[in-house]
Amino acid sequence: MRRSRQARRRNCLNASRGSRLVVTDSTNRLVDLAAEKNRLYLLRIKGQASDVSRGIRKVKASLAATDSGEFIFSQFSLSPDGMLFIGKLLEILSTEEVKLSSILDTLPEIQEYRLDIDVDENQGRKIIDHVASLYTEIVVTPLSIKYRSNGVWVKLEYDPQKSRLTVCGDATNKAAIEIVKKEYEKINQLIQSLS
């Protein structure tokens, strides 16, 4: 007898209703919407991957993730493993007989406020490095930094193909948009001082 699609989903995700998930505080709020939609308990942890590992043990969560691409499946390991995530994603897609594009199409749209600045690669990297030195709550990737400014997570990302820095943040309210605008102005002033 074939198991129902819902039973298969619960087993391959190990995230049935009420399951616990842990993410870093800086993770996009799209995760909150997805957790709410699927009736999952979501715990946001301040800090780095090591803090997420402690959080997953504390609440006995089945999955944890950071917004810099680290995933932890507690039934296998309490350390981040990107290859395991890719394997689990492929397992889910094949078990459910679903295309990745159809899943992406179902995600809700998150409103972001974005401002662009034209810079060369050398300037872009210098700006990201400088901003990283100014803040304590940061998430860094090779071409971007996400940092908390006045309670709002702001992302500064360099696009080498377009020679452009993008300053963006959630457009959840006017206060958040104003903070992103102020950060944009600071970045512009910093670029001018480096020229």
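The values are calculated or read from the model by the stated rules, or taken from the named source; none is laboratory data. Values in this document were obtained by computation on a predicted structure and should not be read as measured data. Neighbour counts are summed over all protein chains in view; Cβ atoms, including those assigned to glycine, are modelled from backbone coordinates with ideal geometry. The area values use the complete protein model at the heavy-atom level, side chains included, leaving out ligands, DNA and RNA. Shrake-Rupley method; radii C 1.70, N 1.55, O 1.52, S 1.80 Å.
Annotations
- Seen against the Cα atoms of the chain and their longest principal axis, helix 49-59 is set at about 40 degrees.
- The residues of the stretch 17-133 have, on average, 61 Å² of accessible surface per residue, using a 1.4 Å probe with all protein chains present.
- The calculated 222 nm mean residue ellipticity attributable to helices in the chain amounts to -13500 deg cm²/dmol, summing -39500 (n - 2.57) over DSSP H runs of n ≥ 4 and dividing by all residues.
- The phi torsions of the stretch 181-194, fed into the Karplus equation with coefficients 6.51, -1.76 and 1.60 and a -60° offset, translate into couplings of 4, 5, 5, 4, 5, 4, 5, 4, 5, 5, 4, 5, 6, 7 Hz, rounded to whole numbers, with Gly and Pro shown as x.
- In sequence order, calculated HN-Hα J values of the stretch 119-136 (Karplus, 6.51, -1.76, 1.60; Hz; x Gly/Pro): 8, 7, 4, 4, 5, x, 5, 4, 5, 4, 4, 5, 4, 4, 7, 8, 10, 9
- Mean-position separation - Cα centroids, the stretch 78-111 and the stretch 125-170, in angstrom: 26 Å
- Accessible surface of the chain [probe 1.4 Å, protein heavy atoms]: carbon and sulfur percent: 51 percent
- Rounded FRET efficiency, nearest 0.05, which uses the C-beta distance separating Leu194 from Leu100 and R0 of 35 Å: 0.30
- Taking a Cβ cut-off of under 15 Å around Leu115, the surrounding Lys, Arg, Asp and Glu residues balance to a net charge of -2, with basic ones at +1 and acidic ones at -1.
- Once exposed loop chymotrypsin sites (Phe, Trp or Tyr not before Pro) are cut out (DSSP; at most 13 other Cβ, 10 Å), longest piece of the chain: 1-75
- Taking all protein chains as shown and a probe of 1.4 angstrom, Glu91 keeps an accessible surface of around 70 Å².
- The stretch 135-195: trypsin sites (Lys or Arg not before Pro) in DSSP coil with no more than 12 other Cβ atoms inside 10 Å: Lys162
- Förster radius 45 Å - calculated FRET efficiency between Glu185 and Ile92, Cβ distance, rounded to 0.05: 0.55
- Members of Lys162/Lys182; Lys88/Lys155; Lys58/Lys146; Lys155/Lys181; Lys37/Lys174 lying beyond 21 Å, as alpha-carbon distances in this model show: Lys162/Lys182; Lys88/Lys155; Lys58/Lys146; Lys37/Lys174
- Straight-distance crosslink candidates among aspartates and glutamates, where the alpha carbon sits under 20 Å from Lys99 and sequence neighbours closer than 8 are dropped: Glu91, Glu109
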